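Enquirer: Can you keep this structure in mind? I'll have questions shortly.
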Amino acid sequence: MANYDSLHRQCRTLESLFDTKLTAYARLASSITRGHDDVEASGSSERWRDLEHEVDELLEKLQEINDQLSALSGDAENPPSQSMLRAIQRHREVYLDYARELRRTKGNVKTALDQANLLTGVRNDIDAYKSSAADSLLAERGHIDSSHRMTDDMLAQAYETRAEFGRQRTTISGINSRMQGVLSSMPGINSLLSMIKTRRRRDAVIVGCVIGLCTVLLFMYVF
């Protein structure tokens with residue numbers, strides 16, 4: 001049966017190709033579970049969709065070939081031999097096994113993708129928290145550094161003021177020393193200053209007496 005031989009070869013080719021694609025599809029679930037990258041960013045989600053589409057198409061083609069083989073097995077005019085019937089039954093069993101394995105693998109891949117996305121979200125939240133904490137620490141460090149700079153400026157101003165007072169004290173001490181030197185070099189100045197002070201006291205006494213006498217005369221005139 002030429003038709004059987006062609007369908008048999010196509011079925012074996014599809015089974016081999018399907019097995020290869022299904023293995024790659026299952027391996028993707030394992031790589032996603034072990035990986036630490038963002039599933040969407042790394043392209044794992046796209047590879048998953050492409051592989052899933054390929055294995056779905058292969059399984060549909062395999063189903064079509066098996067349906068055609070099953071139709072041949074019921075041909076009353078050209079009944080297949082026992083070996084053909086066993087081969088057709090074997091192809092049907094392989095197809096059913098592949099269908100069950102694909103459903104199971106799809107569930108594993110979906111679970112792996114969900115877990116990977118969940119872990120990625122948790123890592124992103126942790127990274128965002130760490131970044132926020134680091135920014136807060138940097139801001140606090142900036143405030144502390146600013147306070148230190150202000151303190152250093154105030155201390156520098158205080159040191160400068162103290163140094164200025166020291167310079168002024170030295171200047172005043174020099175002026176006093178020069179004045180004392182001038183006074184000691186001119187002995188007559190001291191006596192002149194003493195005479196001026198004595199005369200001022202005398203004038204003050206005279207003015208006081210005059211004011212007192214005038215006050216007494218004023219009271220005598222009034223009363």
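The values are calculated or read from the model by the stated rules, or taken from the named source; none is laboratory data. Quantities reported herein were computed from a predicted structural model and do not represent experimental measurements. All Cβ positions, glycine included, derive from the backbone under ideal geometry; neighbour counts span all protein chains shown. Ligands, DNA and RNA are stripped out before the accessible areas are found, and what is left, the full protein with its side chains, is counted by its heavy atoms. Shrake-Rupley method; radii C 1.70, N 1.55, O 1.52, S 1.80 Å.
Enquirer: Among residues belonging to the range 89-120 that are at pLDDT below 80 and open to solvent by less than 30 Å² (accessible area, probe 1.4 Å), point out the one that is farthest from D5 (Cα to Cα).
Expert: Checked the range 89-120; the qualifying residue farthest from D5 (Cα to Cα) is T120.
Enquirer: Please count how many residues of the range 79-113 are over 60 Å from the mean Cα position of the chain (by Cα) and of a type in the set (D, E, K, R).
Expert: Summing the residues that are over 60 Å from the mean Cα position of the chain (by Cα) and of a type in the set (D, E, K, R) in the range 79-113 gives 1.
Enquirer: Another question about this same structure. Cβ contacts < 9 Å: first residue closer than 9 Å to W48 by Cβ, restricted to the range 104-115; second residue at pLDDT 80 or above and of a type outside the set (D, E), any location; separation 6+ or different chain. Result?
Expert: Listed pairs, sorted by first residue: V109/Y25; V109/A26; V109/L51.
Enquirer: For the range 68-88, which positions are within 11 Å of L7 (Cα to Cα) and either modelled with pLDDT of 90 or more or in contact with a helix residue (DSSP H, G or I) (Cβ under 6 Å, 6 or more places away or on another chain) (or both)?
Expert: Q68, L69, L72, I88
Enquirer: Of all residues in the range 45-68, count the ones that are more than 19 Å from E93 (Cα to Cα) and open to solvent by less than 40 Å² (accessible area, probe 1.4 Å).
Expert: 2
Enquirer: Does R123 satisfy the criteria of being among the basic types (K, R), at pLDDT below 80 and under 37 Å from the mean Cα position of the chain (by Cα)?
Expert: Spelling it out, R123 is indeed among the basic types (K, R), at pLDDT below 80 and under 37 Å from the mean Cα position of the chain (by Cα).
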